[in-house]
Amino acid sequence: MGRTARNIGRAGIFTAGPGPFIVGIFNVTPDSFSDGGDFLDPEAAAEHAAAMLDEGADVLDVGGESTRPGSDPVSQEEEIRRVVPVLERILSVRPEALISVDTYRAGTATAALEAGASLVNDVTALRGDPRMVSEIEEAACPVILMHMQGDPKTMQKDPHYEDVVREVRDFLAERAEYAVTAGVRPENIIVDPGIGFGKNFGHNLALLHNLDAIVDLGFPVLIGASRKRFLERITGVQVARDRVSGTVATTVLAYEQGATFFRVHDVRANREALAVAEAVLHAPRR
Ligand code: HH2
């Protein structure tokens, strides 16, 4: 099957309705901050993928390089070696699964799309590899454009903004325009303020409380707050995988403000919380 056969535009992912969509995090990395090393073996990975889909994930986001603060990049060859076998194994047991590849390298995106991935999650918003935009345009697949100040190695050293909400919004508008000018279809663009990527505690909260400014850009908005460090400062929960309640709070608040994609580790908890939020928000108001 060629990659166009599996590619989805609005016709694929968005016909399910307006969302909300859960993007299950699937790190095939030895060093990710909360689940590093868990799913390097394709068999364990396939089981975990099936569990996430059964719990209500709409998309699985497979990544072969950690972008946690202070992390080092891996080579493209190593990234492909980690991602492609897992992706193929998942699709062999769940051929209908929608898989996104978390990469900023065009070569990895190509390999993943050829292996059956359906969308690309680029944390550099197409700045990391000059060939990425044409890859997305040719594949006609959806792309997530994320804001990041600096790079993962140094981004948390001293992030600085005059007005974080305005700057993140303007950045995402500029990157979306860049993509559209290069031929990417506007309906294939999803934007993401990049919680924790070159942002201090106050910056993260300001973005989460002013999401309407990002939603107003007119693209679907993705939020990735799952288990992140700023939640520890609020809740005191030090173990990353125990930050489920804090994550769920961000999901519900972001959904109420118009975000529709939620990149999370804990699919079931976030799916249930979103179902409750949807029911309440659809009840009549007097
Ligand atoms: N966060 C992480 C990685 N990729 N992609 C998007 N679009 N938005 C995010 O907020 C985002 C992302 C970091 O989290 P995680 O994948 O759990 O950890 P690591 O980078 O250590 O693998």
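For this structure, a couple of remarks:
- Taking every residue in the stretch 171-200 that is touching a residue at least 60 places away in the same chain (Cβ under 8 Å) and pairing it with any residue that is part of a helix (DSSP H, G or I), at least 6 positions away or on another chain, the pairs with Cβ-Cβ distances below 6 Å are GLU187/ARG10.
- The residues of the stretch 196-247 that are open to solvent by less than 50 Å² (accessible area, probe 1.4 Å), farther than 24 Å from VAL143 by Cβ and among the aliphatic types (A, V, I, L, M), listed by number, are ALA206, LEU231, VAL237, ALA240, VAL244.
- Given (1) within 15 Å of the ligand (Cβ to nearest atom); (2) closer than 27 Å to PRO73 by Cα, number of the condition PRO130 does not satisfy: (1)
- When residues in the stretch 75-120 are screened for being outside any helix (DSSP H, G or I), over 17 Å from the mean Cα position of the chain (by Cα), more than 14 Å from ALA46 (Cα to Cα) and basic (Lys, Arg), 0 of them pass.
- Which listed residue is modelled with pLDDT of 95 or more, in contact with a strand residue (DSSP E or B) (Cβ under 7 Å, 6 or more places away or on another chain), open to solvent by less than 20 Å² (accessible area, probe 1.4 Å) and within 20 Å of ARG263 (Cβ to Cβ), from VAL168, VAL143: VAL143
- Residue satisfying all of: in the stretch 127-140; free of Cβ contacts under 8 Å to residues at least 40 places away in the same chain and closer than 21 Å to LEU98 by Cα; surrounded by the fewest Cβ atoms within 10 Å (Cβ to Cβ) among these: GLU138
- Of all residues in the stretch 206-253, exactly one satisfies the criterion of being more than 30 Å from GLU187 (Cβ to Cβ), part of a loop (DSSP other than H, G, I, E, B) and small (Gly, Ala, Ser), namely GLY236.
- Taking the listed residues SER118, SER92, the one that is among the hydroxyl-bearing types (Ser, Thr, Tyr), under 28 Å from ALA57 (Cα atoms) and open to solvent by 20 Å² or more (accessible area, probe 1.4 Å) is SER92, with no other qualifying.
- Looking only at the stretch 201-213, and only at residues there that are touching a residue at least 40 places away in the same chain (Cβ under 8 Å) and within 13 Å of the ligand (Cβ to nearest atom), the one that is nearest to LEU253 (Cα to Cα): LEU208
The values are calculated or read from the model by the stated rules, or taken from the named source; none is laboratory data. Predicted, not measured: the structure shown is a model, and the values here were computed from it. All Cβ positions, glycine included, derive from the backbone under ideal geometry; neighbour counts span all protein chains shown. In case anyone asks, the SASA skips ligands and DNA or RNA and just uses the protein heavy atoms, side chains included. Shrake-Rupley method; radii C 1.70, N 1.55, O 1.52, S 1.80 Å.
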